[in-house]
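Encoded as structure tokens, the structure appears first; notes follow it.
The values are calculated or read from the model by the stated rules, or taken from the named source; none is laboratory data. A quick note: this is a predicted structure, and the numbers were derived from the prediction, not measured. Note that each Cβ is placed from the backbone with ideal geometry, even for glycine, and that neighbours are counted across all protein chains shown. Just the protein is used for accessible areas: all its heavy atoms, side chains included, with ligands, DNA and RNA removed. Shrake-Rupley method; radii C 1.70, N 1.55, O 1.52, S 1.80 Å.
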Amino acid sequence: MEDIISEEYQKYFNKKQIGSESGFLVFIKTSALIILLVVLAHSMSAQSSHDLLMEGDNLFNKEQYDLAEGKYRKASETDKSGKANYNLGNTLYNQERYEEALNQYQNALTSSDPNVVSNAYYNLGNTHFQNEKYQESIQSFKNALKYDGKDEEAKENLMLAKQMLKQQQQQQQQQQQQDQDQNQEENKDQEKQEQQQQQEQEQQDQEDQEQKDEQESQSESQESKDEKEQEAKQSDKKDLDKEDARKLLEIIDNEEQKVQEKLRKMKGNSKKPKKDW
């Protein structure tokens, strides 16, 4: 492009140099040259985008999607028709890079070409379908039909997306019911486990109380036994004291008897006193 621009510029430059125009005319031609260069650059840029799109299409048809992607990306920098974004979305879609493809199809919706917009909506529907976002897919197919009501494939895919949405909703309901049943079973198991734990705790408390009562009973029994033994000892001691006292009294009585016996004997042996006249 630089060679062509240089060549065109050189022609006008040569005219400028060869001609004998006045300064005013030279200014007019120079201005015309600048305008022509801008138009020519734009034309070359558009041609370049078209070439890149053609090259990308050729690679796409050969299923060389990674190489086609590069061509479409470069073309999208200057392409204003939305075709580069749309085709780039298709290459990403075929590489299963669905989120990136969605972005490119969204960009293609800004196109002024109804066919590009219709196809972009159509492939948005397909991309949402792949992501199992059937509600969004349905809306995209409906939008595609607004631009092209005769698109039979869009109609078929719309019906399929509705069927898949219904199936998805049924599966979700079944899953919710299964989750609910599972939660109920888990709650029952939890309640059963809690009841069992409560019973075990009550049984343990009862055993602990019985053991405590038994220990207290044994303690009271031991105390009673100790008291009885103590009383028995005290009783034995009292009995012993009585016996000692009895023996002591007997000894005293014996001694008393001995003393009385001596006194009697002494009285019997004593001489009678003389009569006092």
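With respect to the conditions (1) surrounded by fewer than 19 Cβ atoms within 10 Å (Cβ to Cβ); (2) of a type in the set (A, V, I, L, M, F, W, C); (3) touching a Gly at 6+ places or on another chain (Cβ under 8 Å), LEU160 lacks only one, and its number is (3). Within the option set GLU153, GLU229, GLU200, GLU216, being closer than 30 Å to ASN119 by Cβ and free of Cβ contacts under 8 Å to residues at least 60 places away in the same chain holds for one residue only, GLU153.
The rows are residues; the columns are (1) at pLDDT below 85; (2) open to solvent by 100 Å² or more (accessible area, probe 1.4 Å); (3) not aromatic (Phe, Trp, Tyr).
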{"site": "ASP213", "(1), (2), (3)": "no, no, yes"}
{"site": "SER217", "(1), (2), (3)": "yes, no, yes"}
{"site": "GLU229", "(1), (2), (3)": "yes, no, yes"}
{"site": "LYS237", "(1), (2), (3)": "yes, yes, yes"}
{"site": "LYS258", "(1), (2), (3)": "yes, yes, yes"}
{"site": "LYS272", "(1), (2), (3)": "yes, yes, yes"}
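Hey, any hits in segment 127-142 for a residue that's assigned to a helix (DSSP H, G or I), at pLDDT 90 or above, aliphatic (A, V, I, L, M) and under 30 Å from LYS83 (Cβ atoms)? Taking every residue of segment 127-142 in turn, at least one turns out to be assigned to a helix (DSSP H, G or I), at pLDDT 90 or above, aliphatic (A, V, I, L, M) and under 30 Å from LYS83 (Cβ atoms). For segment 101-118, a residue qualifies if it is over 39 Å from the mean Cα position of the chain (by Cα) and part of a helix (DSSP H, G or I), and the qualifying residues are PRO114, ASN115, VAL116, VAL117, SER118. Of the listed requirements (1) at pLDDT below 80; (2) open to solvent by less than 100 Å² (accessible area, probe 1.4 Å), GLU250 misses just one: (1).
Is segment 26-44 home to any residue that is modelled with pLDDT under 95, within 30 Å of ASN107 (Cβ to Cβ), open to solvent by less than 30 Å² (accessible area, probe 1.4 Å) and in a helix (DSSP H, G or I)? Checked segment 26-44: no residue is modelled with pLDDT under 95, within 30 Å of ASN107 (Cβ to Cβ), open to solvent by less than 30 Å² (accessible area, probe 1.4 Å) and in a helix (DSSP H, G or I). Say we look at segment 50-100 and pick out the residues that are more than 17 Å from VAL116 (Cβ to Cβ) and of a type in the set (Gly, Ala, Ser); which of these is least open to solvent (accessible area, probe 1.4 Å)? Applying the filter and picking the extreme gives ALA68. So, in segment 75-111, how many residues would count as being among the β-branched types (Val, Ile, Thr) and more than 14 Å from ASP51 (Cα to Cα)? The qualifying residues number 2.
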